[in-house]
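Notes to accompany the following structure.
The values are calculated or read from the model by the stated rules, or taken from the named source; none is laboratory data. Quick caveat, the model's predicted, so the values are computed rather than measured. Note that we place each Cβ from the backbone using ideal geometry, even for glycine, and neighbour counts take in every protein chain shown. Side chains are part of the model used for accessible areas, which takes the heavy atoms of the whole protein and leaves out ligands, DNA and RNA. Shrake-Rupley method; radii C 1.70, N 1.55, O 1.52, S 1.80 Å.
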Amino acid sequence: MIELARVTKRFGALTAVDDLSFTVRPGRVTGFLGPNGAGKTTTMRIILGLDAPTTGTALVAGRRYRHFARPLRQVGSLLDASAVQGARTARDHLLSLAVSNGIGRARVTEVLALTGLDPVAGKRVRDFSLGMKQRLGIAAAMLGDPPVLIFDEPVNALDADGVRWIRLLMRQLAANGHTVFISSHLMSEMAQTADHLIVIGRGRLLADAPTAQFTGPAAGGDVLVRSPRAGDLTELLRARGAAVAVTGDGGLSVTGTDAAAIADLAAARGIPVHELTRRAPSLEQVYLNLTGASTEYRALGPEDRTPAPEGRALAPGRETEDGR
Amino acid sequence: MTVASIRPARTRVPALATRARDVLAFEWVKLRSVRANWVTALAAAAATLGVTVIVARTAAAVPAHQATGSLAPLLASFLASGEYTILPVSVLGVLAFTSEYASGLIRTTFAAVPHRWAVLAAKAAVLGGAALALGEVLAFACFLVAQALLSGSHLGLSLGQPGVPGAVLAAGFLPCACVLTALGLGAIIRSTAGAITAAVAVIYAVAGLCLVLPAPWKTDIGRFTIGFAAYQVMSGHPQRGLLPPAASMLVLIAWPAVALLVAGAVLARRDA
């Protein structure tokens, strides 16, 4: 369990994290999404006690990270896979971390095997590819078999096999009751891994909801309709309060009503319908809508800035969409 | 039975001694697992011994009444270590923090041991201990080698003579004082180039500058520098106008102590 309560971090005039509150719960993979520069890494550093928040508190298992006597047994983290010293072998790197937290040598061998690094354990890290360094970082995070795991952009630079491996590992860890918190700037990636998403932009919370809710009815979407009498159908639909837009290839994008109602309406008036497709919003679109709102704040002065909507609402993205 | 008792290992806070041992082991593994550190120490030792032989041969050729200054029998034993041990060892001291800042490993270090004073103390203990061991071994070895060569000219000293053991011990302590000063500077400055420049300034350049200052300042300021203090503790012939050997020893302790205290305060306050 990770709990942030009203965390703000300022670097001079820049507010990297702005009054951020959320809870990351065990037993599921929580994705931490935001564009580059949104404050994800700073937030993770604050959780790990590396950066001190200007105000607010970040707790892991109810305690500040800095108060852990042996933190690697509580929280495993990987912020930057290339943050290793090339002159050291993979085994020595892991051994140094193991002894620092009273973890036995046997566990070093275990995590090397777990991450598939045992054949290169005695090689110096400077000869590792970024993908191998990523595995080494994950091995280090797993050393203390911690109940909480924090990964910053874990699949960056990994090949397809590596990505699948990490995804599987995260899902397994969550299924075993671990708290898994992973950041990414790619919605598509998170959609396949995370059960729950926390989205931030410019350091503010934009959304905190189950992944399913980002694709569910509340997230928007439309119905695509094709008809030889598109004009007549459009008038009827608009009269019923639905919004209709003409797509590039002559189809109608209908929102504000559902497919069944459109079909019934067309049948009642004898209007032929050639296609009727319910389209879920793409996660990318939802995400862009959400973070687009945060980039819009950028154009405003700090005084004009409207407070970021709190909590579960997906509304901000839709409002922006409607406003366009 | 409480829920916490399911995972006793996680909830029990280890004793302070255990945690100290762990963080010392952490820094020791990091120090010993970089081959360049061993190469540097061995190369420094070889160069120091080699140059000591050259200095001692030169000193042995000097008539007894002219054997003063750096060619005086005692000082000639330690002349080589001034550059060939202290400089490379000080660079290692600087790198202990700056290399971790450069690679980003420092964040892994502080994630493993969030108590930053503990990290600093462990690095100081491990590096200082290694430098002290290397320094003392080299000081005695260089003394014995130099005196063996000087004894041919009947200039050789023995460890039994008054003042000699203290001078040799003090000479062996110098690399430790310098490595700890450099360690502190590395933590404060974080960039390798900047910290090495600062370390060279503190260890060498400040004393060098004082040598060219006009009369009262040369000694008034100079006696607080590492260079002048080092001369006082290991020459066997302390100069008047400078601090006596015991006070000079305190100067040699004060420099690293101040550097480490400032470093600790800075590390504890600053974001990693």
**Item:** Residue that is crowded, with 16+ Cβ neighbours inside 10 Å and outside any loop (DSSP other than H, G, I, E, B), where the choices are A:LEU158, A:LEU149
**Value:** A:LEU149
**Request:** From (1) surrounded by fewer than 17 Cβ atoms within 10 Å (Cβ to Cβ); (2) closer than 30 Å to B:LEU260 by Cβ, pick out the condition that doesn't hold for B:ALA64.
**Result:** (2)
**Fill in**
Of B:LEU174, B:LEU138, B:LEU155, B:LEU183, the only residue that is of a type outside the set (Ser, Thr, Tyr) and modelled with pLDDT under 95 is B:LEU155
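Listed here are the residues, each with its yes/no results for (1) in contact with a Lys or Arg (Cβ under 9 Å, 6 or more places away or on another chain); (2) among the aliphatic types (A, V, I, L, M).
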| position | (1), (2) |
| --- | --- |
| B:LEU174 | no, yes |
| B:LEU185 | no, yes |
| B:ALA198 | no, yes |
| B:GLY208 | no, no |
| B:LEU211 | yes, yes |
| B:PRO214 | no, no |
| B:ILE226 | no, yes |
| B:ALA229 | yes, yes |
**Request:** Could you check, for the range B:96-116, whether at least one of its residues is buried (at least 24 other Cβ atoms within 10 Å of the Cβ), touching a strand residue (DSSP E or B) at 6+ places or on another chain (Cβ under 9 Å), within 14 Å of chain A (Cβ to nearest Cβ) and farther than 30 Å from B:ALA64 by Cβ?
**Result:** yes
**Filter result for A:THR109 (of a type in the set (Ser, Thr, Tyr), under 18 Å from B:VAL29 (Cβ atoms) and away from chain B (no Cβ under 13 Å))** = yes
**Item:** Residues (within 16 Å of A:TRP165 (Cβ to Cβ) and not in a helix (DSSP H, G or I)) located in the range A:111-127
**Value:** A:THR115, A:GLY116, A:LEU117
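Here's the yes/no breakdown for (1) within 14 Å of chain B (Cβ to nearest Cβ); (2) buried (at least 23 other Cβ atoms within 10 Å of the Cβ); (3) modelled with pLDDT of 95 or more:
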position: A:ASP19; (1), (2), (3): no, no, yes
position: A:THR23; (1), (2), (3): no, no, yes
position: A:THR30; (1), (2), (3): no, yes, yes
position: A:ALA38; (1), (2), (3): no, yes, no
position: A:ARG64; (1), (2), (3): yes, no, yes
position: A:GLN74; (1), (2), (3): yes, no, yes
**Message:** Taking the condition of being open to solvent by less than 10 Å² (accessible area, probe 1.4 Å) and on the phi > 0 side of the Ramachandran plot, how many residues in the range A:76-115 meet it?
**Reply:** 0
**Prompt:** Given (1) at pLDDT 95 or above; (2) farther than 25 Å from B:HIS115 by Cβ; (3) among the β-branched types (Val, Ile, Thr); (4) crowded, with 18+ Cβ neighbours inside 10 Å, where does B:VAL233 come up short, assuming only one miss?
**Reply:** (1)
